[in-house]
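Below is one structure, written out as structure tokens; comments come after it.
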Amino acid sequence: MLLPRIDDDLAAKARAAGCPLCGGRLDVANYPRKVRGADELGEEYSWRRSFCCDVEGCRRRRTPASVRFLGRKVYLGTVVVLATALQRGPSKTSVAKLSSLLGVSRRTLARWCRWWSTMFATSRFWTSLRGRFIPAVDETAMPASLLSRLSVTDEPAVVALLRLLAPMSTRPHLEASAS
Ligand SMILES: [Zn+2]
């Protein structure tokens, strides 16, 4: 599967950089992540990769960016991105259908959609990113508007979007800088 491999890569880079505090060696210290929306995806989706500095007295945890786990959301990043994109996309999958498909309430779906135009659109993360898109992305129609701008590579647009969003999957999340 593609997404775990991208995460492997992000994790390897983080580990190679060493402890951000003392430069010490990082040991594997993955932690279980029970994610809704990933019931059929298997083992790879029940652990979030993480490291811990091996220097006594530091032991700083370092959790690398991830395309699978978006921020602190309980749901998988992919599910949130897809659900909200489908809801606002050209075919406008009905809320009732999506809601039953994903097993989430209409209220949750509405909250995810609001998240894009409120929390995300005003975040430091998006502010640091939006300049890359000329002409500007329609912020009232995200994530569909953002997705449509990412279909230029040979990678599926959703994967490109998750990769773009990966830096905000770790602290300081929405306060992270995209570059
Ligand atoms: Zn350290």
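Screening the candidates L76, L101 for the property of being open to solvent by 10 Å² or more (accessible area, probe 1.4 Å) and modelled with pLDDT under 75 yields one hit, L101.
Take the conditions farther than 23 Å from L165 by Cα and at pLDDT below 85 and apply them to A96. Does it pass? Yes: the conditions hold for A96. The single condition among (1) within 16 Å of the ligand (Cβ to nearest atom); (2) in a helix (DSSP H, G or I); (3) more than 25 Å from L174 (Cβ to Cβ) that A14 does not satisfy is (3). E155 falls short on exactly one of the conditions (1) closer than 21 Å to L2 by Cα; (2) away from the ligand (no atom under 16 Å from the Cβ); (3) within 17 Å of the chain's Cα centre (by Cα); (4) at pLDDT 85 or above, and that condition is (4).
The values are calculated or read from the model by the stated rules, or taken from the named source; none is laboratory data. Remember, it's a predicted structure, so these values are computed and weren't measured experimentally. Glycine also receives a Cβ, built like all others from the backbone with ideal geometry; neighbour counts cover every protein chain displayed. For accessibility, only protein heavy atoms count, side chains too; no ligands or nucleic acids. Shrake-Rupley method; radii C 1.70, N 1.55, O 1.52, S 1.80 Å.
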